[in-house]
Amino acid sequence: MGKIMATKLENTTPLNQHFGRVIYLVGGAGSGRDTLINEIRNTSAMQNDFFIAKRYITKLTQEIKNRDNYVEVSKSEFANRVTLNAFALHWRANDTDYGIAADIELWLAVGSHVIINGSKENLTAAQQRYPNLIPVWLDVEAEILKERLQARGKDLESAITAKIASNKKLQAQRPDDAIVIDNNGNISDTLSAFEDMLSMQLQVRFNPTITENISQYAQAV
């Protein structure tokens, strides 16, 4: 069952007059980040108040190729976007480049909170750019992760073992201020825990008109 293991974070002054905050989601392979994000996008009341940032990536796997929050670009296009400062954040992992488009600045400026499917390697840079960022660690026990990966039937046993070891290493590197959400149960429980965490951290009141405000702001600029 999903549950939160955290104390409330202290508020800090938003960077560059941002009124929204970045929720930076971290988790190992198989931890369920994409599944959680899809639940937020498709079923959660949060979708009107939270913008899910797209991930630009130079190498899509078959597993994520059709997911809405990924955009595949060539290595040359990615490099060009970096040169043009088109990314708010970007990093490299496993011979693949990842980027978060700079348009999240617009959403933050009008009060929408932005959910980023992030990376532990990029967390420090993200916190430097967004000092009031909320780091969220999605946690899955090794045995449950193994069962899920085996049931999925897409990985060799050697790959499953490597992913479990990587996940264990990632959890050991978790910073003290991270909010930990248990994803050992049903995704609906994890989503409820995630929503409860955001309500506590942001005192958020889901506002169905904020998307209209963002659209009007975007047209104005």
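The values are calculated or read from the model by the stated rules, or taken from the named source; none is laboratory data. Bear in mind the structure is a predicted one, so any value in this text is a computation, not a measurement. All Cβ positions, glycine included, derive from the backbone under ideal geometry; neighbour counts span all protein chains shown.
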Discussion item. Could you check the stretch 146-201 and list, in sequence order, the residues that are more than 16 Å from residue 35 (Cβ to Cβ), acidic (Asp, Glu) and touching a residue at least 12 places away in the same chain (Cβ under 8 Å)?
Written reply: 177, 196
Worksheet item: When residues of the stretch 81-99 are filtered for being in contact with a helix residue (DSSP H, G or I) (Cβ under 9 Å, 6 or more places away or on another chain) and not hydroxyl-bearing (Ser, Thr, Tyr), how many remain?
Response: 10
Response to the item:
Exception for residue 60 within (1) touching a strand residue (DSSP E or B) at 6+ places or on another chain (Cβ under 9 Å); (2) surrounded by 17 or more Cβ atoms within 10 Å (Cβ to Cβ); (3) modelled with pLDDT under 85 falls at (2)
Fill in: Among residues of the stretch 123-160, those that are farther than 14 Å from residue 31 by Cα and modelled with pLDDT of 90 or more, counted
13
Fill in: Long-range neighbours under 8 Å by Cβ, at least six apart or interchain, first residue closer than 13 Å to residue 50 by Cβ within the stretch 107-136, second of a type in the set (Lys, Arg) and assigned to a loop (DSSP other than H, G, I, E, B)
108/21; 113/21; 114/21; 134/21
Worksheet item: Within the stretch 66-73, can one find any residue that is of a type in the set (Ser, Thr, Tyr), touching a Ser or Thr at 6+ places or on another chain (Cβ under 7 Å) and surrounded by fewer than 20 Cβ atoms within 10 Å (Cβ to Cβ)?
Response: no
Worksheet item: In the stretch 121-161, what count of residues is obtained for those that are among the β-branched types (Val, Ile, Thr), over 15 Å from the mean Cα position of the chain (by Cα) and not in a helix (DSSP H, G or I)?
Response: 1
Worksheet, complete the sentence: Here the residues within the stretch 9-52 that are assigned to a loop (DSSP other than H, G, I, E, B), modelled with pLDDT of 85 or more and closer than 11 Å to residue 133 by Cα are 20, 21
Worksheet item: Any residue in the stretch 97-110 that is at pLDDT 90 or above, assigned to a strand (DSSP E or B), of a type in the set (Phe, Trp, Tyr) and farther than 17 Å from residue 180 by Cα?
Response: yes
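Conditions (1) over 23 Å from residue 40 (Cβ atoms); (2) in a loop (DSSP other than H, G, I, E, B); (3) under 16 Å from the mean Cα position of the chain (by Cα); (4) charged (D, E, K, R), marked per residue:
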{"position": "89", "(1), (2), (3), (4)": "no, no, yes, no"}
{"position": "114", "(1), (2), (3), (4)": "no, no, yes, no"}
{"position": "164", "(1), (2), (3), (4)": "yes, no, no, no"}
{"position": "168", "(1), (2), (3), (4)": "yes, no, no, yes"}
{"position": "176", "(1), (2), (3), (4)": "yes, yes, no, yes"}
